[in-house]
Amino acid sequence: MSSGRPSMYHVRTSSMTRQLPAINNAANVGSLTRAIQSGSMNVTTTARARPPSGYRQNSMERGNSLIRNIPASSSLVQRRTSNDATRSRMVSNQDRSLSTTAATTNNMRYVNTASNESAYDYPERRESGASNASSTVAKTSAYDHRSASTLESRLRSGGLTGLQNLGNTCFMNSVLQCLSNTKPLLLFCLTENLADYLNTSLTSVMKGVLMREYANLVRKMWTSSDGHSVVSPSSFKNTVGRFAPRFLGYAQQDSQEFLRYLLQGLHEDVNRVQRKPDPIKIDEKAEERMPERDRAKFSWERCLSYDNSDIADIFAGQLKSTLECTHCQYQSITFDMFWDLSIPLPRNKSSSSVQECIQLFMSREDLDGNEKPMCARCKQKRRCTKKFSIQRCPNILVLHLKRFSQARGRTKLSTHVDFPITNLRLDELSDVMSESYEGPPPVYNLFGVSNHSGTAYSGHYVAQCKHPFTNQWHEFNDSSVSTLNEKSRIISSNAYVLFYERHM
């Protein structure tokens, strides 16, 4: 038995993922593309997979926030590169919720820009780390008098900005609107000293450029002075194309595929690990004798030594995978990170529910015939069963409804999937939560939907999002933004990617 590292004994052919390839050349991009298109990019199955570290200290508490542009180049202050130090700062993600992040909003402070000053002019940063720290202290003391109501009023009137369609870029616009209304990610992008979090080491392909460009776009979307304005994501799109060349052109794309590329790139750009650690030797026999809860925690910490970012803090969770030999009943258990769950839709049904889809993903699967894995005890290939359960819940749960299939040509399922807008309780679903799960029962509220209308070959994407400060729902159709007064319009057969925030 092993935890937190790849094993041929743990390959699931239907919905588990393979190793996430490095995105640094066209060949690897193509490999990642095929993996995503097959619906198998929901989990990373290597020791490099980095589940979220939990909110060690909310990013908004680390510095003030200002609505200005991020410089093209900036020096880094002393970074937390020690893996031991990183792990020592961890707290359990299960003891936190998004309400903690919401509470830190009251501690955020914005710099008041003069009326004749561009909102996107960014002063040169000091090259000295000590000077930079002194500057931050000075800014903190200068703006401590600003009340939470001032911050609230600034953000309550923001975010209702349309995005120009550059030519078949509705897939990108719908994802950007959903992420723009993801509260913890929004607050992170608005933090004043975001440049200090950028990773310019070899562990990032883009060296912080993608995160910088994304944050600049988000700030434009949230600081518009004329209500329902429209901004062009052209510069951001060009930067994404440098990270993943498949998005350079103007062909129709899949919003979930784009989301996975984008989150991976943003994660790399703020990865706290700037130097790859030496390989970790795992004593599998010793771990097998440990309690399951401890094995899960050790697997989590091993992942942190490779990947540790605020993006993972927000989106990543941990799955428990149990493979059991039907001949000798030997169980092999691993724990893997997931950024989203690609949940299948029941076949030959006109309607279903998201709860049913989640349970279908977690249900026991038989591995037989050519899919027989090697049993570590029998020392030969045996028929086995595979079972998933959630070990650690993410703060933002992204559910991808697998409407598109590659079997017998690309087809789309128009199944109507009902899903709760509030109080999605995973603990009420049978065999979904791991027996060793710790923490309060997870409860999620919907705040974003990426909808796809049309066929598998031609269609259009529209986003529906709940404003993180007013709780009002809006529909974002490229440059058009409208208010949604009837929540019944949110649940439809066009729902493709669901964004849930953890309430408890």
- request: Sort the stretch 362-429 into rounded, prolate or oblate with this rule: let a ≥ b ≥ c be the square roots of the eigenvalues of the Cα gyration tensor; rounded if a/c is under 1.5, and if a/c is not under 1.5, prolate when a/b is larger than b/c, oblate otherwise.
  value: oblate
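Net charge near Leu426, counting Lys/Arg +1 and Asp/Glu -1 over other residues with Cβ under 15 Å of its Cβ?
Value of the local net charge: -4.
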task: Identify all lysines with a Cα-Cα distance to Lys402 below 28 Å; exclude those on the same chain that are fewer than 8 residues away in sequence.
output: Lys183, Lys237, Lys320, Lys349, Lys372, Lys386, Lys387, Lys412, Lys466, Lys487
task: Would you please give the residues with an amide H less than 5 Å from that of Lys381, counting only those at least 5 places away or on a separate chain, with H modeled from the backbone geometry?
output: Cys375
message: If packing is taken as the average number of other Cβ atoms within 10 Å across a peptide's residues, how do 327-333, 468-474, 190-196 rank, most packed first?
response: 190-196, 468-474, 327-333
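I want the antiparallel fraction of DSSP beta bridges within the stretch 341-473, as a percent rounded to 5.
Numbers: 17 of 24 bridges.
Just about 70 percent of them are antiparallel.
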query: Can you give me the Cα centroid spacing of the stretch 458-503 and the stretch 363-417 in angstrom?
result: 29 Å
statement: With a ≥ b ≥ c from the Cα gyration tensor eigenvalues, square-rooted, and the rule rounded for a/c under 1.5, otherwise prolate when a/b > b/c and oblate otherwise, the stretch 255-402 is oblate
query: For the stretch 420-452, list residues with backbone N below 16 Å from a point placed 7 Å from the Cα of Lys349 toward its Cβ?
result: 420, 429-432
task: Using a/c under 1.5 as the rounded threshold, could you call the stretch 310-367 rounded, prolate or oblate? The axes a ≥ b ≥ c are square roots of the C-alpha gyration tensor eigenvalues, and prolate needs a/b larger than b/c, oblate otherwise.
output: oblate
- prompt: If each of Thr483 and Thr411 carries a label point 7 Å out from its Cα toward its Cβ, how far apart are those two points in nm?
  reply: 4.3 nm
- prompt: Could you name the lysines in cross-link range of Lys276, using Cα to Cα under 19 Å and dropping any fewer than eight places away on the same chain?
  reply: Lys207
message: Can you compute the modelled spin-label distance between Arg156 and Gln331, with each label point 7 Å from Cα toward Cβ, in nm?
response: 5.1 nm
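Quick note: the coordinates plus some simple rules give every number you see, no bench work behind them. Values in this document were obtained by computation on a predicted structure and should not be read as measured data. Backbone-built Cβ (ideal geometry, glycine too); neighbour counts: all protein chains shown.
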